[in-house]
1. Is the chain best put as rounded, prolate or oblate by its Cα gyration tensor, with a ≥ b ≥ c the root eigenvalues, rounded for a/c under 1.5, and otherwise prolate when a/b is larger than b/c, oblate when not?
2. Please list, short to long, the whole-number percent of alpha-carbon pairs of the range 17-65 in consecutive 10 angstrom bins beginning at zero.
3. Could you work out the relative contact order of the range 262-403? I mean the mean sequence separation of Cα pairs under 8 Å and 6+ apart, divided by the number of residues, in percent.
4. Can you grab the distance from the C-alpha centre of the range 1-79 to the C-alpha centre of the range 285-301, Å, no decimals?
5. Want the number for Asn57 to Ala391: 0.36 nm per residue separation, take away the alpha-carbon distance, what's left?
6. As an exercise, identify the GluC sites (Glu not before Pro) in the range 132-233 lying in DSSP coil whose Cβ has no more than 10 other Cβ atoms within 10 Å.
7. Checking the table Lys258/Lys383; Lys75/Lys141; Lys258/Lys315 against a 25 Å threshold on Cα-Cα, which pairs fail?
8. Considering the range 31-190, what Rg and Dmax in Å follow from its alpha-carbon atoms?
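Nothing in this text is a laboratory measurement; each read-out follows from the coordinates by a stated rule. Values in this document were obtained by computation on a predicted structure and should not be read as measured data. Heads up, the Cβs are rebuilt from the backbone with ideal geometry, glycines too, and the neighbour counts pull from every protein chain shown.
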Amino acid sequence: MGHIIVIGAGQAGQSLVTKLRSLGHAGTITLIGAEPEPPYQRPPLSKKYLLGEMDLNRMFLRPESFYAEQDITLKLGAGVSAIDPVAKTVTIGSETLNYDQLALTTGSIPHRLPAKIGGDLAGVYTVRTLTDADAIEPEFKPGRKVLIVGGGYIGLEAAAVAARKGLQVTLVEMAERILQRVAAPETSDFIRSVHQGEGVDIREGVGLDHLSGTDRVTAATLTDGTELPVDFVIVGVGIRPDIELAEIAGLETDNGIKTNDRGQTSDPAIWAAGDCASFMFNDTRIRLESVGNAIDQAELVAENMLGADKPYTAKPWFWSDQFDVKLQIAGLNTGYDRVVTRQGEHSHMPSFWYYRGDQLLAVDAINDPRAYMVGKRLIEAGKSPDPDAIANPETDLKSLLRV
Ligand SMILES: Cc1cc2nc3c(=O)[nH]c(=O)nc-3n(C[C@H](O)[C@H](O)[C@H](O)COP(=O)(O)OP(=O)(O)OC[C@H]3O[C@@H](n4cnc5c(N)ncnc54)[C@H](O)[C@@H]3O)c2cc1C
């Protein structure tokens, strides 16, 4: 049976240890996390928790007592500094633990702005952890001026919360349009108009040149020369996988910790899952930065650690909440050459369906859970309805599942 150690007490780590026990693993399990809190959900950090509409207790994936009940040793506030894959040990401070199998669920690290452009001034934040969100919260006072750098999901969600709280919000996106990396122009246009309707000043095709201030940020200069007074800044310019320990252990990395279709790294006793792990999907090595992937991949790794020998088939899905809009995304749109728009029969909200040739790849559904659900099931079943049927508001979406 042996000792299984999981490093990284986030979404994937929590899912992995829970699954090990539910599958009947009777050996010792240790879950080690650098953060002080037991595993919690990150999505509300830029949504309801930041808005003040969700209590801390509801953030935790399980109450702390769960781990003791399940005989899972939880070591918190404990950063692992080294792995020795030959001796099969991990080091935390002066302590050394032996493992039989190890899993890395170390997540990812947000990009920060370089110090030379003011990135280390007080009042400049990223949103990854509870500590980050708690530090930002006191800044959210009506009338204050916040600059959001980056028009991806996290930047847009933070902008929506700030606007709801009565702040003056400016968001800059260096690319031609918000969400350019992840969505079609149709989705960007819709989301932009929602933000503009709520008073967010969205500036696209313009980046941040530098921030200034003595100790604390007081102004931002944009690449078009505009100078904006600011009270604080939230940076949402992407993340990188946390591969530090994997590198120390000499594991292969390629866009994250390289895993095979079983979730195993280049060392057969070490596995990886969640944001930190890359894997093959439709002939491309990808990483998915999402709750759904963290759970599914971690649960599969748990099965495989116990000998199931099953391949991972990713079923990408994601969501984002901004103002009264719930955007739900199924599939991965990489390589799309056409977007079909459908107006929802009940919601009168659009959904955007991505095709490559005749193949349905992904759906972005706006306040339309039915379009999302049907799209997800079609994609997972490998079914591609006629785009004209999708575009026709008379088509009963559910009927497409029966074809
Ligand atoms: C603000 C925000 C909003 C989001 N919104 C959504 C959303 O709406 N929908 C969605 O699907 N996804 C969303 N995500 C992404 C989602 O939360 C992540 O994909 C998911 O948390 C990944 O889980 P993980 O376990 O791989 O990593 P994490 O949850 O990041 O956990 C990794 C943990 O490993 C720890 N760790 C790292 N190195 C060590 C070490 N050496 N020793 C000990 N511990 C270590 C870290 O401290 C961290 O606690 C959001 C993320 C953020 C930050």
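1. Details: a/c = 1.88, a/b = 1.17, b/c = 1.61.
Verdict is oblate for the chain.
2. Histogram of Cα-Cα distances, whole percents per bin: 22, 41, 27, 10, 0.
3. Numbers: 245 pairs, mean separation 22.4, N = 142.
Here the relative contact order equals 16 percent.
4. Here the two parts' Cα centres lie 16 Å apart.
5. Numbers: separation 334, 0.36 × 334 = 120.24 nm, distance 4.32 nm.
Full-extension gain reported as 115.9 nm.
6. Values: sites: Glu139, Glu157, Glu173, Glu176, Glu186, Glu198, Glu204, Glu227; in loops: Glu176, Glu198.
Those satisfying the criteria are Glu176.
7. Details: Lys258/Lys383 30 Å; Lys75/Lys141 36 Å; Lys258/Lys315 19 Å.
Violating the 25 Å Cα-Cα cut-off are Lys258/Lys383; Lys75/Lys141.
8. 19.4, 58
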